[in-house]
Amino acid sequence: MTEYRWSAPSNIAFVKYWGKKEQQIPMNGSISGTLSHCRSKTSLKILSTEQDQFHLEFYFAGEKNESFAKKIENKFHQYFLNEIPLLKNCSVRIESENSFPHSCGIASSASFYASLALCLVEFEAKYSSDSQEFLKRASYLARLGSGSACRSLFGPFVLWGGESMEYAEPIVKVHQDFKNLKDFICLISSEEKSVSSTLGHSLMDGHPYRDVRIEQANMHLDQLKSVLEAGDWSKFSNILEQEANQLHALMMCSTPGFFLLKEKSFELIQKVRQWREQNSIRVAYTIDAGPNIHLICHSDDADKLRVCLEENSSLLENCRFIEDEISGVIRNEHEH
Ligand code: PMV
């Protein structure tokens with residue numbers, strides 16, 4: 001039996017991917033920051049290579065999980081078996097676990113599919129695992145699993161839609177001030193979302209603001225690349241917050257319209273604006289498809305922000321926030 005074992009972090013989008021075409025090709029490019037502590041560790045065991053047909057079993061956090069297994073199996077039939085025909089006669093066991101708590105509002109699909117893709121590329125054995133081609137291929141396969149997963153292979157800042165819409169690439173020119181950012185992930189609610197990302201993406205087809213959105217995303221993409229290089233904090237925070245607001249405005253203006261933010265999400269945003277003014281904290285909020293708020297903060301101001309959050313912990317579910325950083329490193333867990 002051969003086993004491949006990799007871990008990859010989650011990521012948070014600064015310019016958002018919302019809306020897609022066939023084969024998980026995004027409607028517009030996006031930029032993200034890769035987390036460090038919130039990650040998935042995944043192992044792929046090849047139990048046999050002589051099956052009549054592909055067979056998969058999936059364990060999450062040590063327990064067999066049939067409903068995840070179905071979804072993952074679909075991805076294999078839809079994409080991975082065609083990409084890696086050798087798998088068609090394999091029986092495999094995939095085991096995965098997250099470093100972050102279950103139902104804490106952080107989607108694990110990005111870190112899971114990024115770590116699985118790394119196992120698949122090692123299995124393919126076409127590229128050496130320390131080459132750029134290896135990561136490009138992993139990013140390509142991760143995208144087929146879950147779009148935003150393609151960005152989790154690199155860090156700290158990542159562009160999807162630069163040289164290709166099929167995979168992501170690291171952003172190399174980054175100002176010193178942006179090299180140690182913190183992400184305070186503020187948990188507002190871990191309830192299951194009323195509308196899945198898959199449905200949300202599809203509602204961008206025929207959306208009244210589709211064309212304007214593409215234009216805005218492209219503009220933010222160019223601006224953010226320059227801002228990351230120049231180190232301009234106030235422009236950085238404006239872009240992040242406009243992107244978060246726009247994403248949720250697009251959801252509200254979809255047909256049917258929907259709301260993922262909760263009252264406490266808005267309350268926290270108002271507080272963040274106050275803290276920024278009154279305590280001179282370099283902090284910007286961003287939000288993915290859910291009610292939880294990511295506070296991206298300059299590392300020199302992290303202590304001040306932590307105090308503010310602790311004083312206002314009643315806004316948070318179980319008074320909980322997770323402290324992470326924007327860095328992002330994948331790991332071959334066989335070597336650890
Ligand atoms: O990768 P998906 O299909 O889960 O979509 C992610 C969508 C957002 O998180 C809202 C934005 C993004 O770019 O990650």
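The values are calculated or read from the model by the stated rules, or taken from the named source; none is laboratory data. Since the structure is predicted, the reported quantities are computational estimates derived from the model, not experimental observations. All accessible areas refer to the heavy atoms of the entire protein, side chains included, with ligands and DNA or RNA removed. Shrake-Rupley method; radii C 1.70, N 1.55, O 1.52, S 1.80 Å.
Computed quantities for the displayed model
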{"item": "Karplus-derived 3J(HN,Hα), 6.51/-1.76/1.60, for each residue of region 279-284, Hz, glycine and proline x", "result": "10, 6, 9, 7, 9, 9"}
{"item": "Region 14-26 - phi-based ³J(HN,Hα) in whole Hz, Karplus 6.51/-1.76/1.60, Gly and Pro as x", "result": "9, 9, 8, 8, 8, x, 8, 10, 3, 6, 6, 8, x"}
{"item": "GNM flexibility winner over the chain from Leu44, Leu120, Leu199 (Cα, springs under 10 Å)", "result": "Leu199"}
{"item": "Beta bridges per DSSP with both ends in the chain, % antiparallel, nearest 5", "result": "90"}
{"item": "Accessible area expressed per residue, the chain, with surrounding protein chains retained (probe 1.4 Å, Å²)", "result": "45"}
{"item": "Amide proton proximity set for Gly328, modelled H, under 5 Å, gap of 5+", "result": "Ser36"}
{"item": "P(r) weight above 28 Å for region 60-197, C-alpha pairs, percent", "result": "24"}
{"item": "Kyte-Doolittle mean at least -1.0, axial Cα span of 18 Å or more - DSSP H helices of the chain", "result": "109-124, 132-145, 210-230, 233-252"}
{"item": "Residue with peak Gaussian network fluctuation, the chain [Cα springs, cutoff 10 Å], from Met27, Met251, Met219", "result": "Met219"}
{"item": "The chain, helix-only ellipticity at 222 nm - DSSP H runs n ≥ 4, -39,500 (n - 2.57), divided by all residues, nearest 500", "result": "-11000 deg cm²/dmol"}
{"item": "Size descriptor, Kirkwood hydrodynamic radius, that averages inverse alpha-carbon separations across the chain, Å", "result": "20.4"}
